[in-house]
Amino acid sequence: MTPDAPLIDRSLFGPGPTNTYPEADAALVRPLLGHLDPVFIQLMDETCEMLRTLWGTTNARTLPLSATGSGGMEAAFVNTVHRGDVVVVAINGLFGQRMAELASRLGARVVPVESEWGRPLDPDDVLRAHPSPAIICAVHAETSTGVRNDVAALGAGKGDALLLTDHVTSIGGMPLAVDDWGIDVAYAGTQKCLSVAPGLAPFTINDRAFERRVERPTSWYFDLGLLGGYVGGDAGGKRTYHHTAPTAMVVSLHAALTRILSEGLDAVTARHEAAGAALQEGLQEMGLELFAAEGYRLPQLTTVRVPDGVDSAKVRAYLLQTFSIEIGAGIGEFADSVWRIGLMGHNAQPRSVALVLGALKQAIAATR
Ligand SMILES: *Cc1c(COP(=O)(O)O)cnc(C)c1O
């Protein structure tokens, strides 16, 4: 790329990353802070506190891990899965499959409970899969299929098991109540409905799960025993060096969370719901068929079938070249037959709905 290449301004309407909140962008150009600077420590403390509000938890161990969402997943599993544990994993998409893969790498006895892609998991099936699992795992918002799973029902029926859940696409886009829903360990990411660049993984773990943790996890970087002292909670407020926090990213997340909470969590959720409903209605009016089961469709990530005779890749290329709009392809066997359209965070607005519907209509007509 030449040094004077133009700044390309995409509309990121795929499954992530999404366009960032202007507040999150503005924070990135502030002069860098050191990671032990008292000003940064204050910002980190406030970030953890705002994350507690978004998670719906009072967990002391709530922090943004220095990683993308996948690092949050890694941290959740390496700290809680002991070799030989029975781990029930609900699978109705790619991210459920990854949970099973991680648990299996850690030597767990994985009990997969599958349901068809595009359909929600049945909480009773998951709860009946084993009489006494150590851990039950599920994805709240399956980004690969656009389906919402009922994790609260798993929390209500989990018995002595720990409930470990993925909220990468749900945090900041839909209601979330970690404590009320009985979730013990949860991870998320910044690049979806939080509308911050990829790079941090909001994470929370309660005392019950922390007490049962793996003493010396195979990962040093994600060892929560060490990280606790780093963010303050476990060292009586004194910070001990573990790794250098990505300070610019934390400051950007702080700005986005401040914005989200000043808009109000209910208002933010309602904005996502309205945008998702308008998009889904508009797609159906165009004669397209939605992929995810009715009643379980995510507002922030819509999956729609590619019509017969339409080339998925050509349409996506046209959208990118003509309108600078990115949408996502499907995953796995649905790679060519499904599109994934995200209206997350800053993009959950009426103008994005109008833009993507108009552009998609033109792209389909032009590439047929
Ligand atoms: C995007 C996503 C991840 C992975 O997050 P990265 O930021 O890509 O590492 C995990 N789970 C779900 C449900 C996701 O949508």
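The values are calculated or read from the model by the stated rules, or taken from the named source; none is laboratory data. Note that this is a predicted model, so its numbers are computed, not measured. Counting neighbours? That spans all protein chains shown, and the Cβs are built from the backbone with ideal geometry, glycine included.
Computed values, structure above
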read-out	value
Odd one out for Arg340, checked against (1) without any contact (Cβ under 8 Å) to a residue 12 or more places away in the chain; (2) basic (Lys, Arg); (3) crowded, with 20+ Cβ neighbours inside 10 Å	(1)
Where His167 falls short, out of the listed (1) within 15 Å of the ligand (Cβ to nearest atom); (2) more than 11 Å from the chain's Cα centre (by Cα); (3) buried (at least 24 other Cβ atoms within 10 Å of the Cβ)	(2)
Residue that is in contact (Cβ under 8 Å) with a residue 24 or more places away in the chain and within 11 Å of the ligand (Cβ to nearest atom), where the choices are Arg109, Arg119, Arg98	Arg98
Residue check, His243 under 26 Å from Ala201 (Cα atoms), of a type outside the set (Ser, Thr, Tyr) and modelled with pLDDT under 95	yes
Test: residue in segment 27-35 that is out of contact with any helix residue (DSSP H, G or I) (no Cβ under 8 Å at 6 or more places or on another chain) and at negative phi	yes
Condition check for Val196: more than 8 Å from the ligand (Cβ to nearest atom) and either crowded, with 24+ Cβ neighbours inside 10 Å or part of a strand (DSSP E or B) (or both)	yes
